[in-house]
Amino acid sequence: MPEIIRARDAVVFFYGDRQTVTVDSTMVNLGWPGGQGVQWVDAPAGVDDRVVSFSKGLYGGFLIWGSDEVGDKFTAMTRQQPYWRYATMFSGGCLISTTSYERYTYASRLIGPPYVPLVYAPNDILYLSLRGLWTKEDELTLSGDPLAPAFFVGFVSQVPKPVNSFFLGIQTSM
């Protein structure tokens, strides 16, 4: 495989289903990394847009570009997405590589140090965490959320390791 420049939070190898969506005010205020999982939310009164916010374990899709990614010779989008309140959401059939994934177990993140690392393997089923990051744990079930179980949204296609700058390779299933 040729050398891949991993200067962004997410790299797309195969484009699947994608659409432009409106991001809610929480996302505009906080910003987001590329690869961030999102879920559908209701639009504000009087607005006829399809709106997304940070995922809380539910899947609408993921935002391929981060809110503060710097423009380069291929894109000119520095701060455009939060300013105009839009993003490009991918929802399925993608092959990507991203740094936006959980590195520690849900339980260890709750109780604090020491943190227990998550170890990913090829073909592991993936979900979105309660923070909207890719994970192998069904955090909706682990947290006792009434919306559990989480729906699986992808598979590990490449494990994080030094040669790929610790990016997680993902084949999305939705």
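Potential lengthening of the chain between F155 and S173 amounts to 5.7 nm, from the contour at 0.36 nm per residue minus the alpha-carbon distance. I'd like the FRET efficiency for A43 and D68, computed as 1/(1 + (r/R0)^6) with the beta carbon distance as r and R0 of 22 Å, rounded to 0.05. Efficiency, from the Cβ-Cβ distance: 0.35. FRET efficiency for the T88 to S108 pair, using the beta carbon distance and R₀ = 45 Å, is estimated at 0.85. Of V116, V38, V28, the residue with the greatest mean-square motion in the GNM of the chain, using alpha carbon springs below 10 Å, is V116. Within the listed set L110, L142, L58, the residue fluctuating most in the Gaussian network model of the chain (springs between alpha-carbon atoms under 10 angstrom) is L110.
Close amide-amide hydrogen proximity is noted between I64 and G35, T88, F90, each under 5 Å apart and 5 or more residues distant or on a separate chain (H modeled in the peptide plane; Pro and chain starts excluded).
For a modelled paramagnetic label at R50, 7 Å from Cα along Cα-to-Cβ, no residue of the range 144-166 is in reach, as no backbone nitrogen comes under 13 Å.
Phi angles across the range 50-56 convert, under the Karplus curve 6.51 cos²θ - 1.76 cosθ + 1.60 with θ = phi - 60°, into 3J(HN,Hα) values of 8, 10, 10, 9, 3, 5, 10 Hz, Gly and Pro given as x. For T105, the amide hydrogen comes within under 5 Å of the amide hydrogens of V116, L118, counting only partners 5 or more places away or on other chains and with H modelled in the peptide plane. The distance between label points at T141 and L30 comes to 2.5 nm (points 7 Å beyond Cα on the Cα→Cβ vector). Across the range 144-156, computed HN-Hα scalar couplings (Karplus, 6.51 cos²θ - 1.76 cosθ + 1.60, θ = phi - 60°) run x, 5, x, 7, 5, x, 6, 8, 5, 10, x, 9, 6 Hz from first to last residue, x flagging Gly and Pro. Of the accessible area of the chain, computed with a 1.4 Å probe over protein heavy atoms only, carbon and sulfur atoms account for 59 percent. Think of each Lys and Arg Cβ as +1 and each Asp and Glu Cβ as -1; about the Cα centre, that makes the dipole of the chain roughly 340 debye.
In order along the range 36-42, the Karplus-derived 3J(HN,Hα) couplings, from 6.51 cos²θ - 1.76 cosθ + 1.60 at θ = phi - 60°, round to 4, x, 9, 9, 6, 9, 6 Hz, and Gly and Pro are given as x.
Using the rule -39500 (n - 2.57) for each DSSP H run of four or more residues, divided by the residues of the chain, the 222 nm mean residue ellipticity is -2500 deg cm²/dmol.
The values are calculated or read from the model by the stated rules, or taken from the named source; none is laboratory data. The structure presented is a predicted model; accordingly, all values stated were derived computationally and were not measured. As a convention, Cβ positions derive from the backbone with ideal geometry for all residues, glycine included, and neighbour counts pool all protein chains shown. For the accessible areas, the whole protein counts, side chains as well, though only heavy atoms, and no ligand, DNA or RNA atoms are used. Shrake-Rupley method; radii C 1.70, N 1.55, O 1.52, S 1.80 Å.
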